[in-house]
Amino acid sequence: MKFFIDTADIEEIRMANRRGWVDGVTTNPSLVAKTGRDHVEVLKDICAEVNGPVNAEVMSLEAEKMVAEGKEFAKLHDNIIVKIPMTEDGLIAVRQLAAEGIRTNVTLVFNPIQALMVAKAGASYVSPFVGRLDDISSPGLEMVGQIQQIYSNYGLKTETLVASIRHPIHILDSALIGADIVTIPFKVMQNLAKHPLTDRGIEAFVRDYEASQKTQ
Ligand code: E4P
């Protein structure tokens, strides 16, 4: 399963990349706004840092404008994926961009039928938001399982990029389901390699070894 990092913060991306945790990046308008920087400059910096897909989200809501915006993003770097919201206009834009060889990721997907529409439109990726569904007492991972089932039933090539990840269990369940990619906030990534018993084990090894050295 691939790990994307869900941030527009270049320092977080650099730290995660050094640790081998970054197969790609997702950004969105809220994440870019948090940086306080120019959108295009942020994207250029990320593309220079990461050797993998970099998602750039359009701000327009009309198909023609989304296409125009998407084409501008795509000119920035070969690794740019144009992120499009899940609307009828969005699906029109996906079809047009796909026809021109531009890869897209449809975002804000909240049920498996939306995901089927995304695949039929020819998007490269679909982003089901699990955390936001869990927040309203609707099991997000169930949706991911159903998407995987539908895509497998029909041999659909769109990759499932699980988004709105809140904690490691979302990642565990995504891996058990066989999702292609999870996009993870840096804060959550920092918990993935940790276990209190690992820490306790290291402490005991160090303590025992140091005690043995003193008695020699
Ligand atoms: C994905 O591409 C989105 O940027 C992100 O996962 C949204 O997550 P949130 O629900 O934590 O805002």
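The table below lists the values:
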{"quantity": "Selection from segment 171-204 of residues that are among the aliphatic types (A, V, I, L, M) and outside any helix (DSSP H, G or I)", "calculated": "Ala179, Ile181, Val182, Ile184, Leu192, Ala193"}
{"quantity": "Failed item, numbered, when Ile92 is tested on (1) away from the ligand (no atom under 14 Å from the Cβ); (2) within 30 Å of Arg18 (Cβ to Cβ); (3) of a type in the set (Val, Ile, Thr)", "calculated": "(2)"}
{"quantity": "Residues located in segment 1-56, provided they are farther than 18 Å from Val82 by Cα, in a loop (DSSP other than H, G, I, E, B) and open to solvent by less than 10 Å² (accessible area, probe 1.4 Å)", "calculated": "none"}
{"quantity": "Residue satisfying condition, being surrounded by 12 or more Cβ atoms within 10 Å (Cβ to Cβ) and part of a helix (DSSP H, G or I), within set Gln213, Gln148", "calculated": "Gln148"}
{"quantity": "Qualifying residue in segment 116-129 (condition: in a helix (DSSP H, G or I), farther than 29 Å from Gly20 by Cα, over 17 Å from the mean Cα position of the chain (by Cα) and within 15 Å of the ligand (Cβ to nearest atom))", "calculated": "no"}
{"quantity": "Residue within segment 77-95 that is touching a Leu at 6+ places or on another chain (Cβ under 7 Å), assigned to a helix (DSSP H, G or I) and either surrounded by fewer than 19 Cβ atoms within 10 Å (Cβ to Cβ) or aliphatic (A, V, I, L, M) (or both) present", "calculated": "yes"}
{"quantity": "Meets criteria (open to solvent by 40 Å² or more (accessible area, probe 1.4 Å) and more than 15 Å from the ligand (Cβ to nearest atom)) for Leu108", "calculated": "no"}
{"quantity": "In segment 130-185, the residues that are within 22 Å of Pro53 (Cα to Cα), more than 12 Å from the ligand (Cβ to nearest atom) and of a type outside the set (Ser, Thr, Tyr)", "calculated": "Val144, Ile147, Gln148, Leu156, Lys157, Glu159, Ile171, Ala175, Gly178, Ala179, Asp180"}
{"quantity": "Residue identified as touching a strand residue (DSSP E or B) at 6+ places or on another chain (Cβ under 9 Å) and under 17 Å from Ser30 (Cα atoms) among Leu108, Leu91, Leu97", "calculated": "Leu108"}
{"quantity": "Scope segment 57-69; condition under 18 Å from Leu31 (Cβ atoms) and either buried (at least 23 other Cβ atoms within 10 Å of the Cβ) or under 20 Å from the mean Cα position of the chain (by Cα) (or both); matching residues", "calculated": "Glu57, Val58, Met59"}
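The values are calculated or read from the model by the stated rules, or taken from the named source; none is laboratory data. Keep in mind it's a predicted model, so treat the numbers as computed, not measured. Quick reminder, even Gly has a Cβ in these numbers, built from the backbone with ideal geometry, and neighbours come from all protein chains shown. Accessible surface is based on the protein model in full, side chains and every heavy atom, while ligands, DNA and RNA are left aside. Shrake-Rupley method; radii C 1.70, N 1.55, O 1.52, S 1.80 Å.
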